[in-house]
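This report refers to the structure that appears directly beneath it.
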Amino acid sequence: EAQVTQNPRYLITVTGKKLTVTCSQNMNHEYMSWYRQDPGLGLRQIYYSMNVEVTDKGDVPEGYKVSRKEKRNFPLILESPSPNQTSLYFCASKQGMYQETQYFGPGTRLLVL
Amino acid sequence: QKEVEQNSGPLSVPEGAIASLNCTYSDRVSQSFFWYRQYSGKSPELIMSIYSNGDKEDGRFTAQLNKASQYVSLLIRDSQPSDSATYLCAVKGIDSNYQLIWGAGTKLIIKP
């Protein structure tokens with residue numbers, strides 16, 4: 001089954017404790033991205049990757065890091081999480097940068113205390 | 001700053017009626033417009049895309065685009081309780097590095 005998976009689905013952590021949210025897709029998609037979704041603000045892009053070893057900042061990259069060492073994986077790293085990073089995070093992928101349809105993962109709900 | 005605006009709702013519509021969802025955008029050069037549906041606690045899923053002025057129909061859904069007035073709408077005919085969800089409008093412009101700009105969504109409630 002074609003899908004985007006994220007882990008963990010729910011995470012409670014404390015300020016400053018490094019964490020990684022994994023994202024993996026099995027569709028051989030070149031393009032992957034991370035979004036955060038907050039009430040009243042809609043989806044905001046954090047980082048995106050057009051292919052292996054090619055990443056770029058989205059609208060709200062501060063406090064986040066990403067890497068794309070393999071085509072299928074695109075982890076999101078919070079080196080020192082803060083309470084303002086409490087949010088719902090979605091990973092998404094699509095075949096290429098110009099493709100319209102992107103596929104979202106199930107989401108990771110993060111609470112930073 | 002490019003913006004996409006939606007009424008947050010909730011919009012309450014009786015079952016069987018037409019639900020009308022609206023979205024306005026600020027970037028005049030926007031070219032592609034999308035409606036996503038997001039059930040509570042779930043991820044967004046694409047339901048309609050539209051690229052040129054006029055109407056585009058897909059089953060019970062009709063997307064309407066008016067570039068001169070910078071708005072895009074989604075009509076849902078014969079609304080069903082299963083249509084209850086948040087509907088997100090997303091817009092892509094030619095100068096936004098092909099990234100989508102998202103509205104905050106309209107919560108739709110279909111009452112049986």
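Residues in the stretch A:43-52 that are facing chain B (nearest Cβ under 9 Å) and either surrounded by fewer than 23 Cβ atoms within 10 Å (Cβ to Cβ) or in a loop (DSSP other than H, G, I, E, B) (or both): 2 in all. On the basis of being within 11 Å of chain A (Cβ to nearest Cβ), of a type in the set (Gly, Ala, Ser) and in a loop (DSSP other than H, G, I, E, B), does B:SER69 make the cut? It is false that B:SER69 is within 11 Å of chain A (Cβ to nearest Cβ), of a type in the set (Gly, Ala, Ser) and in a loop (DSSP other than H, G, I, E, B). Mind counting the residues in the stretch B:79-99 that are open to solvent by 20 Å² or more (accessible area, probe 1.4 Å) and part of a strand (DSSP E or B)? Qualifying residue count for the region: 1. Quick one: is B:ILE76 surrounded by 20 or more Cβ atoms within 10 Å (Cβ to Cβ) and away from every other protein chain (no Cβ under 14 Å)? So B:ILE76 fits the description; yes. Of the residues A:GLN25, A:GLN99, A:GLN6, A:GLN37, the single one that is under 21 Å from B:GLY103 (Cα atoms), within 14 Å of chain B (Cβ to nearest Cβ) and either in contact with a Ser or Thr (Cβ under 7 Å, 6 or more places away or on another chain) or of a type in the set (Phe, Trp, Tyr) (or both) is A:GLN37. Considered as a group, the residues in the stretch A:78-96 that are open to solvent by 20 Å² or more (accessible area, probe 1.4 Å) and under 15 Å from A:ARG9 (Cα atoms) include one that is farthest from the other protein chains (Cβ to nearest Cβ), and that residue is A:THR86.
Failed condition for B:SER20, given (1) surrounded by fewer than 18 Cβ atoms within 10 Å (Cβ to Cβ); (2) among the hydroxyl-bearing types (Ser, Thr, Tyr); (3) within 18 Å of B:ILE109 (Cβ to Cβ); (4) within 14 Å of chain A (Cβ to nearest Cβ), with all others met? Unmet for B:SER20, out of (1) surrounded by fewer than 18 Cβ atoms within 10 Å (Cβ to Cβ); (2) among the hydroxyl-bearing types (Ser, Thr, Tyr); (3) within 18 Å of B:ILE109 (Cβ to Cβ); (4) within 14 Å of chain A (Cβ to nearest Cβ): (4).
So for the stretch A:27-42 (the condition being open to solvent by less than 30 Å² (accessible area, probe 1.4 Å) and free of Cβ contacts under 8 Å to residues at least 40 places away in the same chain), does at least one residue qualify? Checked against the condition, which is being open to solvent by less than 30 Å² (accessible area, probe 1.4 Å) and free of Cβ contacts under 8 Å to residues at least 40 places away in the same chain, the stretch A:27-42 yields at least one hit.
Of the conditions (1) without any contact (Cβ under 8 Å) to a residue 24 or more places away in the chain; (2) open to solvent by less than 30 Å² (accessible area, probe 1.4 Å); (3) within 14 Å of another protein chain (Cβ to nearest Cβ), B:GLY41 satisfies every one except a single condition; which number is it? B:GLY41 satisfies every listed condition except (2).
Within the stretch B:1-34, the set of residues being part of a strand (DSSP E or B) and not polar (S, T, N, Q) comprises B:VAL4, B:GLU5, B:LEU11, B:VAL13, B:PRO14, B:ALA19, B:LEU21, B:CYS23, B:TYR25, B:PHE33, B:PHE34.
The values are calculated or read from the model by the stated rules, or taken from the named source; none is laboratory data. Bear in mind that the values here come from a model prediction, so they are computed numbers and not experimental data. Positions of Cβ are backbone-derived with ideal geometry, glycine not excepted, and every protein chain shown enters the neighbour counts. Side chains are part of the model used for accessible areas, which takes the heavy atoms of the whole protein and leaves out ligands, DNA and RNA. Shrake-Rupley method; radii C 1.70, N 1.55, O 1.52, S 1.80 Å.
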